[in-house]
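Below is one structure, written out as structure tokens; comments come after it.
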Amino acid sequence: MNRRAQAVVLVLFGGAILKASLTDVYLRYVKEGLRPFLIAAGVLLLAAAVMTLVHDLGSRTGHDEHGHHEPQVGWLLILPAAGLLLIAPPALGSYAAGQSGSVLASARIESEFSPLPPGDPVPLSLMDYASRAVFDSGRSLEGRTVRLTGFVTPGPDGRPMLARMVLACCAADGRPIKVGLTGGVNVDAPVDTWVQVVGTYSSRMDKDPVNSAEVPYLEVKSWQKTTAPRRPYE
């Protein structure tokens, strides 16, 4: 692969990283705190591309390269780089949630949970609700109405569940937090649809078939579709 092709690939990869990190697209892949490092990486790749081109032009003016031809197949390396720049893969969803066991199995157990703030429905993360339901036996949830936001994923019995992916660093280590949905109101939404569900604590528990972690349930009172949040991961 000649230096010009190398420079083009560097420009495409650097441009893709900068495009993602200067918008909210990067939040599909890494935690928010890594943004400065992504920007720095994109800038360094673009700087490397410029230096590669300058070096190539200097070499061509100083040496006779007549008769030297690099294999043209090297330019095919541009295709995946261009694809990364033009097409942004979506955030992890129901497929990843179905392949991984609930992160609740490795969550830190609180010795006690603070009371929920006043005003119903109380917006809670899925991790907060699940932790209170499992590790506090729902005591801090009794008599309260909560609102959870997540995407629809099929449960082991085929019924819809609510899920969010939890990141320690990046999408590669993402694991799901799952909440089952019960009661007389059926959440009739396609898989991977983002929904807001309002309901109350249910004492029902199931086991995640992947890692046998406890999966709590929510008694659904109402639900509605919603747009994917700016930060899709918890």
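Which of the residues spanning the range 180-214 are over 23 Å from the mean Cα position of the chain (by Cα), closer than 21 Å to residue 228 by Cα and open to solvent by 70 Å² or more (accessible area, probe 1.4 Å)?
Answer for the range 180-214, where residues must be over 23 Å from the mean Cα position of the chain (by Cα), closer than 21 Å to residue 228 by Cα and open to solvent by 70 Å² or more (accessible area, probe 1.4 Å): 186, 188.
Select from the range 167-179 the residues that are open to solvent by less than 30 Å² (accessible area, probe 1.4 Å) and closer than 17 Å to residue 149 by Cα and write down the one among them that is nearest to the chain's Cα centre (by Cα).
Among those that are open to solvent by less than 30 Å² (accessible area, probe 1.4 Å) and closer than 17 Å to residue 149 by Cα, it is 167.
For residues that are over 15 Å from residue 196 (Cα atoms) and not in a helix (DSSP H, G or I), scanning just the range 141-151, find the one that is least open to solvent (accessible area, probe 1.4 Å).
144
Please count how many residues of the range 19-44 are of a type in the set (A, V, I, L, M) and crowded, with 20+ Cβ neighbours inside 10 Å.
2
Can you say whether residue 95 is at pLDDT 65 or above, surrounded by fewer than 18 Cβ atoms within 10 Å (Cβ to Cβ) and among the aromatic types (Phe, Trp, Tyr), as far as the supplied structure shows? So that I can check it myself, show each step before the final result.
Working: at pLDDT 65 or above: yes; surrounded by fewer than 18 Cβ atoms within 10 Å (Cβ to Cβ): yes; among the aromatic types (Phe, Trp, Tyr): yes.
Taking the combined requirement at face value, the residue satisfies it.
So which residues in the range 113-140 are open to solvent by less than 50 Å² (accessible area, probe 1.4 Å), part of a loop (DSSP other than H, G, I, E, B) and in contact with a helix residue (DSSP H, G or I) (Cβ under 7 Å, 6 or more places away or on another chain)?
113, 116, 138 - these are the residues of the range 113-140 that are open to solvent by less than 50 Å² (accessible area, probe 1.4 Å), part of a loop (DSSP other than H, G, I, E, B) and in contact with a helix residue (DSSP H, G or I) (Cβ under 7 Å, 6 or more places away or on another chain).
How do the strands (runs of 3 or more DSSP E) wholly within the range 157-234 filter down when requiring 1 or more residues that are aromatic (Phe, Trp, Tyr), under 13 Å from residue 129 (Cα atoms) and at pLDDT 95 or above: which remain?
194-207, 214-225
The values are calculated or read from the model by the stated rules, or taken from the named source; none is laboratory data. Note that this is a predicted model, so its numbers are computed, not measured. As a convention, Cβ positions derive from the backbone with ideal geometry for all residues, glycine included, and neighbour counts pool all protein chains shown. Just the protein is used for accessible areas: all its heavy atoms, side chains included, with ligands, DNA and RNA removed. Shrake-Rupley method; radii C 1.70, N 1.55, O 1.52, S 1.80 Å.
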